[in-house]
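J.: After the structure tokens below, expect a handful of questions from me.
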Amino acid sequence: MNKRFLFAVALIAIVAVLPSCGKKTLKTSPVTGTITLDGAPLADANIFFTPSGGTGDQAVGKSDASGVYKIQTPQGAPGAGTTPGEYVVTITCQKVVKEAEKNAEGEIVSDEVTESAIPKKYGDPKQSGLTASVVKGDNKIDFELSSK
Amino acid sequence: MSNSTRRGFTLVELLVVIAIIGILIGLLLPAVQAAREAARRMQCTNNMKQLALAVQNFESTNKRLPNQYKDEFWTRFAVGKDHDSRLYRLSVHTLLLPYIEQEPLMNTITSYAQEWKDSNGGVDLPSPTEGDKAGDHSDHPYTKAIDAFLCPSDGAAQQSKSMVNHLGRNNYGCNMGDACTANDGGDALKGQKNRRGVFVNGDAAGRTTWAHIKDGTSNTIGFAEINVSDVIGENGNDYKTGVAYVSGLNKLAPAACLNTRGSNGMFADGLTTYYQKGRRWCISTCCSTNFMAALPPNSPSCSGSGGQDAGTWTLCSASSNHGGGANVSMLDGSVRFVSETIDCGDINNIMGGSQDQLYKGPSLHGVWGAMATPKGQETVSMN
């Protein structure tokens, strides 16, 4: 009886240890919010989170038509957010003003021309003036940009 | 009488034996499958090694490395007509054909080019972009499936071998640096003078010799695995194998390309996607034969201006079906496995502020970027 009991304990122990053999994943917290330019939702803007303190992982997101973004890390699932910490935030928004031109062989004669729809300072980590602190659990961080 | 003394198996005993055998087979089958994948993977890494050694042999013959786009080998056939670019757009892989025992194929290509020159552009050249047109020739050399360019672990690549009139596929991207780049035209051309990668535009940067590989051949990537797009269903929607259009790509940090990821390994809805990754071994453009070490392996690939055509800005990520990363071959012929979790440094940084390729300093894209750039005293080790 005692032997059988030991065997059962060993089995349970093995089963308990098995799941921890998997690969390490980042413990991310979802981050979402709205980006507005002069009060109006800003669509198709890329938003970058760069850690400024000792903790955190680089993450990126893109706003949809209503200006809502969700961020993700390269290793995490799309929209999974990032790890808690202090972040510098940069935002860029490129709009196409002229399509690329091609010749008969399908080669590009002139490049596509894009312009920034927002002041360029928002795309520079030293000048953006935007910060965020990501905490454990859900985060809702809005960014209000001004075209001036 | 004897019946009562004969001892048979009870039903329970039989069931227990069957259960044990079942468990053993259950344990064994995955092991067999894993062994088969291990064999495919070994073949795959061997192909990569052969490519790196082919570069070495090319160098001993020509005293230079092959160029990705407008290699000087092709300029001798130029006659100054529209179709010249069909030769200039041929890839590093095409130039390496004689060094991987495909000399007859290379002879076919050069004899067609010579005919083009002799007739002063009078005959039509086979196009590296179209699968079914051999120009004025009976044989289309670029439709040949070449085993040395195909990884046995990639199902789409293996399936492509049975396709008729499709351009031959390719699983190995040559190193074009640590940032978004284009093969020709405008700012990209200026940027290629900075040699972010090993295989650069011959028009912009001229010859590449070992002297340009300052970090040493054992510290610089030659080729990395790329997945072949599954073109049979014309499906460019899988982000590991397709390419998504991102407007203004050359003015965005590499991380922006991650935004194209949707659920279940597919691109997000509403994007324009192309199935150009690894699609043709013959051509140097749009992720067919190149990769950039900015985002970690198995990240999405993106293209900018011009979508999928020659000269478009692209950010082609390495990818494989091996799980958890991709193989790379160093220029010295050694092959290493790069994990998805490799240090990619500051992927939110667009190096140089405006356009990556114009940046001259050491790579800001971590170990991954440092392994790809041939200069800048970044002799970091991957181990």
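Only the coordinates and a few stated rules stand behind these numbers; no lab work does. These numbers were taken from a predicted model, which means no experiment stands behind them. Cβ sites come from the backbone with ideal geometry, for glycine too, and all protein chains shown count toward neighbours.
J.: For the Cα atoms of chain B, what angle does the longest principal axis make with the long axis of helix B:11-62, in degrees from 0 to 90, nearest 10?
T.: Here the helix axis deviates by roughly 20 degrees.
J.: Here's a follow-up. Whose amide H sits under 5 Å from the amide H of B:L65, counting only residues 5 or more places off or on another chain, with H placed in the peptide plane?
T.: Result for B:L65 returns B:T208, B:T209.
J.: Let me ask you something else. Give the distance, in whole Å, between the Cα centre of segment B:1-73 and the Cα centre of segment B:98-168.
T.: Taking the Cα centre of each part, segment B:1-73 and segment B:98-168 sit 32 Å apart.
J.: Kindly point out, ordered by number, any Cys in chain B whose beta-carbon has no other cysteine beta-carbon under 4.7 Å away.
T.: Unpaired cysteines in chain B: B:C174, B:C180, B:C282, B:C286, B:C344.
J.: Once both axes come from the Cα atoms, what is the angle between helix B:103-118 and the longest principal axis of chain B, in degrees from 0 to 90, rounded to 10?
T.: On a 0 to 90 degree scale, this one is about 30.
J.: Still on this structure: If you count, for every residue in B:250-263, the Cβ atoms of partner chains within 10 Å of its Cβ, what is the mean?
T.: Per residue, the number of nearby Cβ atoms from other chains is 6 on average.
J.: Then there is this: Could you grab the relative contact order for segment A:26-145? Cα pairs under 8 Å, six or more apart, rounded to a whole percent.
T.: Worked out over segment A:26-145, it gives 31 percent.
J.: Provide a whole-number value for the mean count of partner chain Cβ atoms within 10 Å of the Cβ atoms in peptide A:75-88.
T.: That average works out to 2.
J.: For B:N170, what charge total do you get from the other residues with a beta carbon under 11 Å from its beta carbon, if Lys and Arg give +1 and Asp and Glu give -1?
T.: Neighbour charge sum, excluding B:N170 itself: +2.
J.: Mind listing the phi-derived Karplus ³J(HN,Hα) values for segment B:161-172, rounded to whole Hz, using 6.51, -1.76 and 1.60 with θ = phi - 60°, and x for any glycine or proline?
T.: Working through the residues one at a time gives 5, 8, 7, 9, 6, 10, 5, x, 7, 8, 9, 10 Hz.
J.: Can you say what percent of the DSSP beta bridges in segment A:26-145, counting only those with both residues inside, are antiparallel? Round to 5.
T.: 85 percent
J.: Follow-up. Past 30 Å, Cα to Cα: identify those pairs from B:K81/B:K251; B:K161/B:K214; A:K27/B:K240; A:K98/B:K144, in the order given.
T.: With Cα atoms farther than 30 Å apart: B:K81/B:K251; B:K161/B:K214; A:K98/B:K144.
J.: Which whole-angstrom value gives the distance between the alpha carbon centres of segment A:88-103 and segment A:127-148?
T.: Using only Cα atoms, the two centres lie 23 Å from each other.
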